[in-house]
Amino acid sequence: IKSSNQNNFTSFTRFISEQIINGEANYDDNYLTVNDFTFKRNDGSVFNLLDCATGIKSFSILQLLIKNGAINDKTLLIIDEPESNLHPQWIVEYARLIVLLNKEIGMKFLLASHNPDMVSAIRYISEKQEILENVNFYLSEKANDSFMYDYTYLGTEIDPIFESFNIALDRI
């Protein structure tokens, strides 16, 4: 996605519609409407967005935020495990979208993830898009036997994150 500032939002919504979910999310705030959120597939079929797959919902939410002008360079979107229930290919596309929204619009993200594909995709797509300096990784580790966590700043290094993911393999 490369576009002028005026066309960024249109480019992003078109990218999501045409390249990822093959359709468009819509919101009708008319209080008389039962189905406020809908998803219209490119073949014309319309569904209640709540009845759609998680991936469609995930991309649709971003699409609606973009389309309705609810985001800008001052936006901080906090997402816990954005990769949950996404197909591995869509994990990469979601990461690409996050990186491009940061690059093209200046939108900021705080992500929590336990998925090596998401972590790798954010890291390497950011590097490819030449915005790696905008990315910071942290490793969270449980502090003692409490419900508190310590966070270690890693910069752009992700190897310690993968080492922490390997704990599950060690337990097997």
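The values are calculated or read from the model by the stated rules, or taken from the named source; none is laboratory data. Nothing here was measured: the structure is a model prediction, and the numbers come from that model. For neighbour counting, all protein chains shown are included, and Cβ atoms are generated from backbone atoms with ideal geometry for every residue, glycine included. Just so you know, the surface numbers come from the protein's heavy atoms only, side chains and all, with ligands and any DNA or RNA stripped out. Shrake-Rupley method; radii C 1.70, N 1.55, O 1.52, S 1.80 Å.
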Problem - Residue check for ASP117: open to solvent by 30 Å² or more (accessible area, probe 1.4 Å), among the acidic types (Asp, Glu) and under 13 Å from the mean Cα position of the chain (by Cα) - result: yes
Exercise for the section: Can you give me the number of residues within the range 59-71 that are more than 20 Å from LEU86 (Cα to Cα), open to solvent by less than 70 Å² (accessible area, probe 1.4 Å) and not β-branched (Val, Ile, Thr)? Expected result: 2
Exercise for the section: Kindly indicate whether ASP43 is part of a loop (DSSP other than H, G, I, E, B), more than 16 Å from LEU97 (Cβ to Cβ) and at pLDDT 90 or above. Expected result: yes
Exercise for the section: For PHE12, indicate whether it is at pLDDT 95 or above, outside any loop (DSSP other than H, G, I, E, B) and open to solvent by less than 60 Å² (accessible area, probe 1.4 Å). Expected result: no
Exercise for the section: Output yes when any residue across the range 77-92 is open to solvent by less than 40 Å² (accessible area, probe 1.4 Å) and either part of a helix (DSSP H, G or I) or farther than 20 Å from ALA25 by Cβ (or both), and no when none is. Expected result: yes
Practice task
Return the pairs, sorted by first residue and then second, in which the second residue is open to solvent by 40 Å² or more (accessible area, probe 1.4 Å) and in a strand (DSSP E or B), the first residue lies in the range 69-80 and is in contact (Cβ under 8 Å) with a residue 24 or more places away in the chain and hydroxyl-bearing (Ser, Thr, Tyr), the beta carbons are less than 8 Å apart, and the residues are 6+ apart or on different chains.
Solution key: THR75/LYS108
Practice task
With the condition kept exactly as written, say whether any residue in the range 58-77 is among the charged types (D, E, K, R) and under 27 Å from SER164 (Cα atoms).
Solution key: no
Exercise for the section: For the range 141-162, enumerate the residues that are without any contact (Cβ under 8 Å) to a residue 12 or more places away in the chain and either over 27 Å from HIS87 (Cβ atoms) or hydroxyl-bearing (Ser, Thr, Tyr) (or both). Expected result: LYS142, ALA143, ASN144, ASP145, SER146, PHE147, MET148, TYR149, ASP150
Fill in the blank from the handout: Inside the range 120-153, the number of residues satisfying the requirement of being surrounded by 15 or more Cβ atoms within 10 Å (Cβ to Cβ), more than 25 Å from ASN72 (Cα to Cα) and among the aliphatic types (A, V, I, L, M) is 1
Fill in the blank from the handout: Of the residues in the range 154-172 that are β-branched (Val, Ile, Thr) and at pLDDT below 80, the one that is least open to solvent (accessible area, probe 1.4 Å) is ILE167
